[in-house]
Amino acid sequence: MIYDVVVIGAGPAGSTAAKYLAENNINVLLLDKSKFPRDKPCGGGLPTRVLKRFPYIEPLIDSISFGSSTYSSSHRYKFDLIREKPLLLNVIRKDFDYGLVNLALKAGATFLEGKTVIDVSIRQNNAFVILDDGQSIETQMVIGSDGTRSIVAEKTNLSEKMQALCIALVQEQPMTPKQLDTYYTSKRLVHLFIKVQGIAGYAWIFPKKHCVNIGIGEFQSALSNSKPNISLKDTYEKFIAVLKEKKLLPEEFIIENLKGATLPIFPLKNTYRDRLVICGDAAGFINPITGEGIYYAMVSGEIAANVALKALAVHNSSEKFLSRYEKQWKREFGKDLEQLRRFNYQWGENTEKIVRQISSNKTLAKLFVGIMGGQLSFSRYKYILYFAYLYASLKNSLISKRKTAE
Ligand SMILES: Cc1cc2nc3c(=O)[nH]c(=O)nc-3n(C[C@H](O)[C@H](O)[C@H](O)COP(=O)(O)OP(=O)(O)OC[C@H]3O[C@@H](n4cnc5c(N)ncnc54)[C@H](O)[C@@H]3O)c2cc1C
C-alpha cells in the first residue's frame, strides 16, 4: 500500500493531523511504537483555549478546575484565584490520547500500532518510512510527530544537539471524590508552587475526577538560578512532605509509579524539508515558562495537515512549498514562544517579590494566571501585564512608606 501521508507518532499532534487529513479524503497512515491505550507522563492540564479551538474534545475531558492557589518559594506569599468559569480542563492522558486516535480512525485514517520507526528516507519522487521489523512504507509526505527526542527529526538532520530541556517527575494517584473535596474543594483547585525547594522550575497539583496528578519540573536552561546538587527525586519527596504538612495531601499518601520525562523547550530552527514537516514536541513547541505543550501539539498538527493537503493537491511537496507550514505556526503561536523564551533563562529570578506583588492585586493575579494558564496571549498582553505589575509595585511601596512614617 502506498500512502499519501504517513504520520509518525499518535500523540495529540499526530492524531489531530491524521484526523484532519482523513476528513479531507487523504489516504493517511498513523503509526506509533506503543500499543494503545498507552500512558504518557504528563500533568494533563489543558488551557481552555484547547476546547475553544477543538470543540470535539469535550467528551474527552475528565474534570474541570475553577481556581488556583499559587505559592512563592518560601510559602510566605500566596495568591488565590477562584472563578465561575473554568480555569483548567483536566484530562487523563491515557484516555485522552486514545480518544483522539479513535477520532482519527473514525474519520478514516489507518492505524498501525506497536511499530517503531527507525529511519525516514526522503527521495525525489516519494519518501520511505522504515520500521524496526524491516518493513518499508512508501508515501508522498511524512508528518513527524514522534515527541521529544524525535527520531524523525534526527534522521532528517533537523534535530539540534544542544536542545534545551525541562526534566520532570510526575505521579497520578487514585483519590476518592470525598478526599478530592476535602483537599481541593468542590472547585477542584489547582495548586502551583513556584521555585519549590529552590529549583529553577515549579511543582503542581492537578486534582482530577478520581485521582490527583502531582508533578515537578526543572528547566535545565535556567539551572544557574537554582540550588545545586539536589536530585529532583529528593526535591519531590520533600515537596510531598510539605504538602502533607499543609493538609493538601492525606498522611497516608505514598509516592509510587513516579515517572520521569523530559520536554524540549525551544522550537527547532527548521521544522520542514522536502516531503516532511515536524510538529508537536518533536519540533520543540512547548511554553518555555510552564511546560505546557498539548495546545501547540494539536494546533501544529492541524497546520501540518492543512499544508500537506494543499501540497498534495498541487503535487508539490518541495521544501519551498512546505515553508508555509513554518510561516503559519510562527504566525499562530511562534511569537508567544519566542517572547517567553528569554524569561526561561531567568526562571526563578525574583519570584518571591513577584508573587508578593501579585498577591496584593487581584487584577494582576487575573492577568498572570490568564497568561500562564494559556488563556491570554503573552505577546498581546505583555504590556498590560508590565503596567499592572508596575502599578502594584508602586502602590505597595507607597503603602509601606506610609506605614513606616506613621
Ligand atoms: C511531566 C510532564 C508534564 C506535562 N504537563 C503538561 C500539561 O499539564 N499540559 C500540557 O499542555 N502539556 C504538558 N506536558 C507537555 C505535553 O505532554 C506534550 O507537549 C504533548 O504530549 C506533546 O504531544 P505530541 O503529540 O507532540 O507528542 P507525544 O504526546 O509525546 O506523542 C508522541 C508519540 O510518538 C510515539 N513515538 C515516539 N517515537 C516513535 C518512533 N520511533 N516510532 C513510532 N512512534 C514513536 C510515542 O509512542 C508517542 O505516542 C507535560 C509534559 C511532561 C513530560
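Tell me the angle of helix 319-329 to the major Cα principal axis of the chain, expressed in degrees between 0 and 90 and rounded to the nearest ten. Relative to the chain, helix 319-329 is tipped by roughly 20 degrees. Spacing of the modelled spin labels on residue 238 and residue 126, each 7 Å from Cα toward Cβ, amounts to 5.8 nm. Computed over segment 131-255, the P(r) tail beyond 26 angstrom holds 43 percent of alpha carbon pairs. Mind checking the angle between helix 362-372 and the chain's longest principal axis? C-alpha axes, 0 to 90 degrees, to the nearest 10. Once rounded, one gets 30 degrees. Computed from the C-alpha gyration tensor, the three semi-axes of the ellipsoid equivalent to the chain are 39, 23, 19 Å, from longest to shortest. Here the spin labels are modelled as points 7 Å beyond Cα on the Cα-Cβ line, and at residue 102 and residue 161 they lie 4.6 nm apart. Taking the number of Cβ atoms within 10 Å of each Cβ as an exposure proxy, the fewest-first ranking of 239, 111 is 111, 239. With axes computed from alpha carbons, what is the tilt in degrees of helix 12-23 against the longest principal axis of the chain, rounded to the nearest 10 within 0 to 90? For helix 12-23, the angle is close to 40 degrees. Binning the C-alpha pair distances of segment 51-91 at 10 Å intervals from 0 yields a P(r) profile of 25, 38, 26, 11, 0 %, listed from the shortest bin outward. Viscosity 0.692 mPa s, temperature 37 °C: what is the translational diffusion coefficient of segment 353-395 from Stokes-Einstein with a Kirkwood Rh over Cα pairs, rounded to a whole number of µm²/s? The calculation lands on 323 µm²/s.
Exposed loop trypsin sites (Lys or Arg not before Pro) only (DSSP loop, at most 14 other Cβ atoms within 10 Å): please give the longest stretch of the chain free of them, not including the sites. Each step should come with its number before you reach the end.
Details: sites that count: 35, 76, 83, 123, 149, 161, 209, 246, 247, 269.
Counting only loop sites that pass the neighbour cut-off, the longest clear stretch is 270-406.
Only Cα sites of segment 6-102 enter the Debye sum here, all with the same form factor; the resulting log10 I(q)/I(0) across q = 0.17, 0.18, 0.20, 0.21 1/Å is -0.82, -0.88, -1.00, -1.06, listed in q order.
If the only charges are +1 at each Lys and Arg Cβ and -1 at each Asp and Glu Cβ, what is the size of the charge dipole of the chain around the Cα centre, to the nearest 20 debye?
Working: 55 positive and 39 negative charges, 358 e Å.
It comes to approximately 1720 debye.
Take the Cα of residue 399, go 7 Å toward its beta carbon, and the backbone nitrogen atoms of segment 69-85 under 15 Å from that spot belong to 77-80. Under 8 Å for C-alpha pairs, at least 6 residues apart: give me the relative contact order for the chain, rounded to a whole percent. Relative contact order here is 20 percent.
The Rg/Rh ratio for segment 202-306 is 1.07, where Rg is the radius of gyration of the alpha carbons and Rh is the Kirkwood radius. As a calculated quantity, the FRET efficiency between residue 259 and residue 35 at R0 = 22 Å, using C-beta atoms, amounts to about 0.80.
Label positions at residue 314 and residue 138, each projected 7 Å from the Cα along the C-beta direction, are separated by 2.6 nm. Here, segment 173-222 has an Rg and a Dmax of 12.7, 40 Å when only alpha carbons are counted.
Normalised Debye scattering of segment 312-406 at q = 0.14, 0.18 Å⁻¹ gives log10 I(q)/I(0) of -0.66, -0.90, counting only Cα atoms as equal scatterers and leaving out solvent.
Taking 10 °C and 1.306 mPa s as the conditions, I'd like the Stokes-Einstein D for segment 96-160 in µm²/s, using the Kirkwood hydrodynamic radius from alpha carbon pairs.
Details: Rh = 13.2 Å.
My calculation gives 120 µm²/s for D.
Where a number appears in this text, it was derived from the coordinates with a stated rule and is not lab data. This structure is a prediction, so every number in the text was calculated from the model and none was measured. Virtual Cβ from ideal backbone geometry, glycine too; neighbours counted across all protein chains shown.
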